[in-house]
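Q: Take a look at the following structure, please.
The values are calculated or read from the model by the stated rules, or taken from the named source; none is laboratory data. Owing to the predicted nature of the structure, the values given are computational and were not obtained by experimental measurement. Positions of Cβ are backbone-derived with ideal geometry, glycine not excepted, and every protein chain shown enters the neighbour counts.
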Amino acid sequence: MASGDVTQIRNVGIVGQGGAGKTSIAEALLFCTGATNRLGSVDDETSNFDVEPEEQRRKLSLTTALHHGAWKRCDITILDTPGYANFLADGLNCLRACTGLVFVAEAAGGSLKVEAERIWARADELGLPRLAFVTKMDRERADFDAAVADLKSTLGANAVLVQLPIGSADTFRGVVDLVKMRAFVAGDDGKMQEEDVPADMRDAAEGAREAMVESAAETDDELLEKYLDEGSLSDDDLVKALHAGVKEGALVPVLCGSGTANIGAPPLLDAIVDLIPSPAERPAARGQHPSSGEDIERAVAASEPLSAYVFKTIADPFAGKLTVFQVLSGEVSGDTAVLNANKDSKERLGHLLRLEGKKQQQVDKLTTGEIGAVAKLKDVDAGDTLCDEKDAILYPGPMRVSSAISFAIEPKAKGDEDKATQGLIKLADEDPTLKIERDAQSKQIIVSGVGQLHIEVTAERLHRKFGVEVELKDPKVPYKETIKKSAKAQGRLKKQSGGRGQFGDTWIEIQPLPRGSGFEFVNKIVGGVIPRQYIPAVEKGIHEAMANGVIAGYEMIDVKATLYDGSHHNVDSSEMAFKIAGSMGFKNAVTEARPVLLEPVMTMEVAVPDECMGDVIGDLNSRRGKVLGVDPKSGAQVIRAQVPMSEVLRYSPDLRSITSGRGSFSMELSGYEEVPPHLAEKIIAASDASKGEEG
Ligand SMILES: Nc1nc2c(ncn2[C@@H]2O[C@H](COP(=O)(O)OP(=O)(O)OP(=O)(O)O)[C@@H](O)[C@H]2O)c(=O)[nH]1
Ligand SMILES: [Mg+2]
């Protein structure tokens, strides 16, 4: 199928908020091209895009899936992206490989959420041409006009109707093409029959066509002149003008239909071919030289040296790790050596593959613009650039998403800890929004991600792909301990009855240090009252005492300890004795130094619609949050606040219910602050109780 002609390639991202109907229309497109012989369905779990069991069970997309189809003279790659907030990052990172997008919106007013705005903003950032497709026209109370108004008001899209729906809800049966001024009506076989524009729609269609021609003519002075002179434009000129407007991002043509009822796919494919630019029309790719940092502009052309951007990796249970990339310049055949510009390492690409849902198809060559995959590369991550060693280039990396929620993961079977960790590391490899750590204090495996649903899906994948069943537990909040004033104390170990005795004697002064300083040890022993060889043992004893905490078992931080006096015994002193004496002296001093508990505090950004702002701020206050400010940002209000971590361990379901799913948030660790006394008492009591259980 691959013709190798760059002008005939279209990489189309199907984007839109969660549940908009993206996968369903993607299925209709695929079926229409003949790439599938049955219309796949999300609801029947027969989708060719939602192929993971975790997706099918939930009837939603978790990760971007790719398929090819041929239409007219073009080779179209469809990238069906996920839309729900927890899984949005993968889709947003895959947009880098697209030459244009189909933004899918439901035929309803007021339905666009924060995720839709985030997708739109990302597309603006990448300068990606867009079509809009108003879907679910067959649903009860479907409202095409309200959806178009929403595209304009919420996203600021310069929406231009290129179609009108014929009928609505149960009478919806096709579309009027305003360029050709013909009707396309669904036939029995899923194809669309061409007809005259229904008589009762002629006036409306004339009016809409007029508006479309004016918008199109405005994109080009020459055309505008022609239009003003002649009073009309030929169909060819019109398509050219719309194409130019889409390419520049000045126009967003609006089409409509239904994915599940399979109405509107052929004209949408026509629009993809005619209006979305090929890679050859995209601006030159911008990167840097990996060592000199010099800016490089690389024309998107097959005659240039090879460069490819890796936008995704997939942990495939059969093929191993698949590296998915778009060729940005030049051509590549199988069994070629390339440079990984990020790692400064060489990789040999084996068989070149094209992704078709969960399957892969081998190809001999990939040209500029095409998307392909290879299996089993040594060390390539999403965001890396692969290129010709002699003409190295490094493209900017992916968007980073900071994780918002952490859970402790415990294997159900004892002894499965290593298997779980190994599996999680592999999953994190294909999912950059996932972070795996082992808590040094609690020894728990901590998994951090975008939201609770994200972590739940991760646990399911771990079970399916790596055979480890795990339970999710609220992670232990990493409290710390510190002191508020200086104190001096003695630590004296004296065991001199029977056998060899043990003797160590230390005097230690401790002082609070500023937040973030850590630990400092000062030796002020003079005159050999403690022999030099025992000093490191004293420091070690203090260190161990700090690691295990003094009041509630949490690590102590920001303390300066000075060893200033002591005594020893010529026979009974030992390193061990001084280590214990150091630890005792330190602990004794801490009890006199007003020890306190510190808690991690997060900086949060919560994006919510105007009308929810009061409720969200009220809720943050009730979580001991401090609101730092509110800024309007692309149609939402962004609340900046600092909130203790213990209060937002499960923030995402709560925010979802306060905002009916329209809020989103991100957070990161800002620092440590003292826990208020009444809460500190409870935490200390809980830690005493758990010590009791262990002992
Ligand atoms: N009546 C009707 N229902 C539709 C249509 N398109 C999608 N749906 C239904 O809407 C639900 C969501 O559809 P999907 O195609 O999975 O939506 P999506 O945008 O891919 O969802 P995510 O990938 O999870 O963001 C499913 O239950 C579909 O059956 C349509 O055109 N008409
Ligand atoms: Mg989907």
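Q: Among the residues in the range 541-556, are any in the same structural domain as residue 486 (by TED's automatic domain parsing), touching a Pro at 6+ places or on another chain (Cβ under 7 Å), of a type in the set (A, V, I, L, M) and modelled with pLDDT under 95? Give the derivation first.
A: Going through the range 541-556, the residues in the same structural domain as residue 486 (by TED's automatic domain parsing) turn out to be 541-556.
Add one more test, that the residue is touching a Pro at 6+ places or on another chain (Cβ under 7 Å), and what stays is 550-551.
Those left that are additionally of a type in the set (A, V, I, L, M): 550-551.
Checking the rest, the ones that are also modelled with pLDDT under 95 come to 550-551.
Yes.
Q: Kindly indicate whether any position in the range 671-684 is among the charged types (D, E, K, R) and modelled with pLDDT under 90.
A: no
Q: What is the number of the single condition among (1) small (Gly, Ala, Ser); (2) on the phi < 0 side of the Ramachandran plot; (3) within 11 Å of ligand 1 (Cβ to nearest atom) that residue 70 does not meet?
A: (3)
Q: Which one of these is more than 16 Å from ligand 2 (Cβ to nearest atom) and either surrounded by fewer than 14 Cβ atoms within 10 Å (Cβ to Cβ) or small (Gly, Ala, Ser) (or both): 202, 209, 173? If you could, list the steps in order and put the result at the bottom.
A: On the way: 209 fails: either surrounded by fewer than 14 Cβ atoms within 10 Å (Cβ to Cβ) or small (Gly, Ala, Ser) (or both); 173 fails: either surrounded by fewer than 14 Cβ atoms within 10 Å (Cβ to Cβ) or small (Gly, Ala, Ser) (or both).
Just one listed residue meets the conditions, 202.
Q: Could you please let me know if residue 271 is in contact with a Pro (Cβ under 6 Å, 6 or more places away or on another chain) and at pLDDT 95 or above? Before the answer, list the steps.
A: Working: in contact with a Pro (Cβ under 6 Å, 6 or more places away or on another chain): no; at pLDDT 95 or above: yes.
No, not satisfied.
Q: Further question on the same structure: Just to be sure I understand, how many residues within the range 238-251 are in contact (Cβ under 8 Å) with a residue 24 or more places away in the chain and either among the polar types (S, T, N, Q) or surrounded by fewer than 23 Cβ atoms within 10 Å (Cβ to Cβ) (or both)? First the steps, then the outcome.
A: First, pick out the residues of the range 238-251 that are in contact (Cβ under 8 Å) with a residue 24 or more places away in the chain: 238-239, 241-251.
Adding the requirement that they be either among the polar types (S, T, N, Q) or surrounded by fewer than 23 Cβ atoms within 10 Å (Cβ to Cβ) (or both) leaves 238-239, 243-244, 247-250.
The number of residues fulfilling the criteria is 8.
Q: If you scan the range 389-409, which residues turn out to be surrounded by fewer than 19 Cβ atoms within 10 Å (Cβ to Cβ) and either touching a Pro at 6+ places or on another chain (Cβ under 6 Å) or assigned to a loop (DSSP other than H, G, I, E, B) (or both)? Break it down into steps so the answer makes sense when it comes.
A: Initial filter on the range 389-409 (surrounded by fewer than 19 Cβ atoms within 10 Å (Cβ to Cβ)): 389-391, 396-397, 399-403, 408.
Of everything in the range 389-409, those that are surrounded by fewer than 19 Cβ atoms within 10 Å (Cβ to Cβ) and either touching a Pro at 6+ places or on another chain (Cβ under 6 Å) or assigned to a loop (DSSP other than H, G, I, E, B) (or both) turn out to be 391, 396, 397, 399, 400, 401, 402, 403, 408.
Q: Against the condition surrounded by fewer than 19 Cβ atoms within 10 Å (Cβ to Cβ) and either of a type in the set (Gly, Ala, Ser) or at pLDDT below 95 (or both), how does residue 504 come out, does it pass? Steps first, answer last, please.
A: Values: surrounded by fewer than 19 Cβ atoms within 10 Å (Cβ to Cβ): no; either of a type in the set (Gly, Ala, Ser) or at pLDDT below 95 (or both): yes.
Taking the combined requirement at face value, the residue does not satisfy it.
Q: Could you list, in sequence order, the residues of the range 448-475 that are over 23 Å from residue 663 (Cα atoms), touching a residue at least 40 places away in the same chain (Cβ under 8 Å) and outside any loop (DSSP other than H, G, I, E, B)?
A: Passing the criteria: 459, 460, 461, 462, 464, 465, 466, 470, 471, 472, 473.
Q: Just need a number here: residues in the range 410-436 that are assigned to a helix (DSSP H, G or I) and either among the aromatic types (Phe, Trp, Tyr) or surrounded by 15 or more Cβ atoms within 10 Å (Cβ to Cβ) (or both).
A: Of all residues in the range 410-436, those assigned to a helix (DSSP H, G or I) come to 417-430.
Now restrict to residues that are either among the aromatic types (Phe, Trp, Tyr) or surrounded by 15 or more Cβ atoms within 10 Å (Cβ to Cβ) (or both): 417, 419-421, 423-424, 426-430.
Total meeting the criteria: 11.
Q: Follow-up question, since we're still on this one. Can you go through 72, 59 and tell me which one is of a type in the set (Lys, Arg) and touching a residue at least 40 places away in the same chain (Cβ under 8 Å)? Write out each step before concluding.
A: Working: 59 fails: touching a residue at least 40 places away in the same chain (Cβ under 8 Å).
When all the criteria are applied, what remains is 72.
Q: Pairs please, first residue from the range 18-43 and free of Cβ contacts under 8 Å to residues at least 60 places away in the same chain and within 14 Å of residue 265 (Cα to Cα), second anywhere and near ligand 1 (Cβ under 7 Å from one of its atoms) and not in a loop (DSSP other than H, G, I, E, B), Cβ atoms under 9 Å, 6+ apart in sequence or on different chains.
A: Between residues of the range 18-43 that are free of Cβ contacts under 8 Å to residues at least 60 places away in the same chain and within 14 Å of residue 265 (Cα to Cα) and residues that are near ligand 1 (Cβ under 7 Å from one of its atoms) and not in a loop (DSSP other than H, G, I, E, B), the close pairs are 40/23; 40/24.
Q: While we're looking at this one, here's another question. Which members of the range 105-126 meet the condition of being surrounded by fewer than 23 Cβ atoms within 10 Å (Cβ to Cβ), of a type in the set (Gly, Ala, Ser) and modelled with pLDDT under 95?
A: Scanning the range 105-126 gives 108, 109, 110, 111, 121.
Q: Next question, about the same structure. Determine which single condition residue 173 fails, assuming it passes every other condition in (1) within 14 Å of ligand 1 (Cβ to nearest atom); (2) modelled with pLDDT under 95; (3) not aliphatic (A, V, I, L, M).
A: (2)
Q: Related question: Would you mind finding the one in 606, 596, 627 that is in contact with an Asp or Glu (Cβ under 9 Å, 6 or more places away or on another chain) and of a type in the set (A, V, I, L, M)? I'd like the intermediate steps shown before the answer.
A: Working: 606 fails: in contact with an Asp or Glu (Cβ under 9 Å, 6 or more places away or on another chain); 627 fails: in contact with an Asp or Glu (Cβ under 9 Å, 6 or more places away or on another chain).
Answer to the selection: 596.
Q: So residue 614 fits all but one of (1) more than 30 Å from residue 509 (Cα to Cα); (2) within 23 Å of the chain's Cα centre (by Cα); what number is the exception?
A: (2)
Q: Name the single residue, out of those in the range 45-61 being surrounded by 22 or more Cβ atoms within 10 Å (Cβ to Cβ) and near ligand 1 (Cβ under 10 Å from one of its atoms), that is nearest to residue 464 (Cα to Cα). Outline the logic, then answer.
A: Of all residues in the range 45-61, those surrounded by 22 or more Cβ atoms within 10 Å (Cβ to Cβ) come to 47-50, 55, 61.
Right, trim to near ligand 1 (Cβ under 10 Å from one of its atoms) and you get 47, 49-50, 55, 61.
Values: 47: 19, 49: 19, 50: 16, 55: 13, 61: 17 Å.
Selected residue: 55.
Q: For the range 62-87, name all the residues that are within 12 Å of ligand 2 (Cβ to nearest atom) and either crowded, with 24+ Cβ neighbours inside 10 Å or closer than 21 Å to residue 465 by Cα (or both). Talk me through it step by step, then tell me what you get.
A: Quick first cut of the range 62-87, residues within 12 Å of ligand 2 (Cβ to nearest atom) only: 62-65, 78-84, 87.
Residues satisfying the conditions are 62, 63, 64, 65, 78, 79, 80, 81, 82, 83, 87.
Q: Continuing with the same structure: How many of the residues making up the range 38-57 are outside any helix (DSSP H, G or I) and in contact with a Leu (Cβ under 9 Å, 6 or more places away or on another chain)?
A: 8
Q: Could you grab me the full set of residues in the range 323-348 that are free of Cβ contacts under 8 Å to residues at least 60 places away in the same chain, buried (at least 20 other Cβ atoms within 10 Å of the Cβ) and among the aliphatic types (A, V, I, L, M)?
A: 327, 332, 338, 339, 341, listed by residue number.
Q: Among the residues of the range 495-513, which ones are more than 30 Å from residue 672 (Cα to Cα), in contact (Cβ under 8 Å) with a residue 12 or more places away in the chain and among the polar types (S, T, N, Q)?
A: 496, 502, 506
Q: Looking only at the range 375-388, count every residue that is in a loop (DSSP other than H, G, I, E, B) and either over 24 Å from residue 453 (Cβ atoms) or out of contact with any Lys or Arg (no Cβ under 7 Å at 6 or more places or on another chain) (or both) and tell me the total.
A: Within the range 375-388, the first condition is being in a loop (DSSP other than H, G, I, E, B), and the residues that meet it are 376-384, 388.
Cutting the leftovers down to either over 24 Å from residue 453 (Cβ atoms) or out of contact with any Lys or Arg (no Cβ under 7 Å at 6 or more places or on another chain) (or both) gives us 376-381, 383-384, 388.
Residues flagged as in a loop (DSSP other than H, G, I, E, B) and either over 24 Å from residue 453 (Cβ atoms) or out of contact with any Lys or Arg (no Cβ under 7 Å at 6 or more places or on another chain) (or both) within the range 375-388 amount to 9.
Q: When you check residue 191 against the structure, is it within 20 Å of residue 217 (Cα to Cα) and surrounded by fewer than 23 Cβ atoms within 10 Å (Cβ to Cβ), yes or no? Reasoning before the result, please.
A: Values: within 20 Å of residue 217 (Cα to Cα): no; surrounded by fewer than 23 Cβ atoms within 10 Å (Cβ to Cβ): yes.
Here the answer is no, as residue 191 does not meet what is asked.
Q: Given the criteria among the basic types (Lys, Arg), within 13 Å of ligand 2 (Cβ to nearest atom) and either at pLDDT 95 or above or on the phi < 0 side of the Ramachandran plot (or both), does residue 38 qualify? Let's see the steps before the verdict.
A: Numbers: among the basic types (Lys, Arg): yes; within 13 Å of ligand 2 (Cβ to nearest atom): no; either at pLDDT 95 or above or on the phi < 0 side of the Ramachandran plot (or both): yes.
When the stated conditions are applied, residue 38 does not pass them.
Q: State the number of residues belonging to the range 79-109 that are of a type in the set (Val, Ile, Thr) and more than 12 Å from ligand 1 (Cβ to nearest atom). Walk me through it before giving the result.
A: Residues of the range 79-109 that are of a type in the set (Val, Ile, Thr), as a first pass: 81, 99, 102, 104.
Restricting the remaining residues to those that are more than 12 Å from ligand 1 (Cβ to nearest atom) gives 99.
The total comes to 1.
Q: If you don't mind, there's one more thing I want to ask. Does residue 6 qualify as being hydrophobic (A, V, I, L, M, F, W, C), more than 13 Å from ligand 2 (Cβ to nearest atom) and within 22 Å of the chain's Cα centre (by Cα)?
A: Working: hydrophobic (A, V, I, L, M, F, W, C): yes; more than 13 Å from ligand 2 (Cβ to nearest atom): yes; within 22 Å of the chain's Cα centre (by Cα): no.
Considered against the rule, which asks whether it is hydrophobic (A, V, I, L, M, F, W, C), more than 13 Å from ligand 2 (Cβ to nearest atom) and within 22 Å of the chain's Cα centre (by Cα), residue 6 comes out as no.
Q: Ok, one more. Among (1) away from ligand 2 (no atom under 14 Å from the Cβ); (2) within 25 Å of the chain's Cα centre (by Cα); (3) among the aliphatic types (A, V, I, L, M); (4) over 21 Å from residue 127 (Cα atoms), there is one condition residue 95 misses while meeting the rest; what is its number?
A: All conditions pass for residue 95, except number (4).
Q: Do you know which residues across the range 288-312 are surrounded by 20 or more Cβ atoms within 10 Å (Cβ to Cβ) and at pLDDT below 95?
A: 300
Q: Looking at the range 11-44, which of the residues that are among the charged types (D, E, K, R) and within 11 Å of ligand 1 (Cβ to nearest atom) is farthest from residue 155 (Cα to Cα)? Walk me through it before giving the result.
A: Residues of the range 11-44 that are among the charged types (D, E, K, R), as a first pass: 22, 27, 38, 43-44.
Now drop any that are not within 11 Å of ligand 1 (Cβ to nearest atom), which leaves 22, 27, 43-44.
Numbers: 22: 18, 27: 26, 43: 29, 44: 32 Å.
Filtering the range 11-44 for residues that are among the charged types (D, E, K, R) and within 11 Å of ligand 1 (Cβ to nearest atom), the one farthest from residue 155 (Cα to Cα) comes out as 44.
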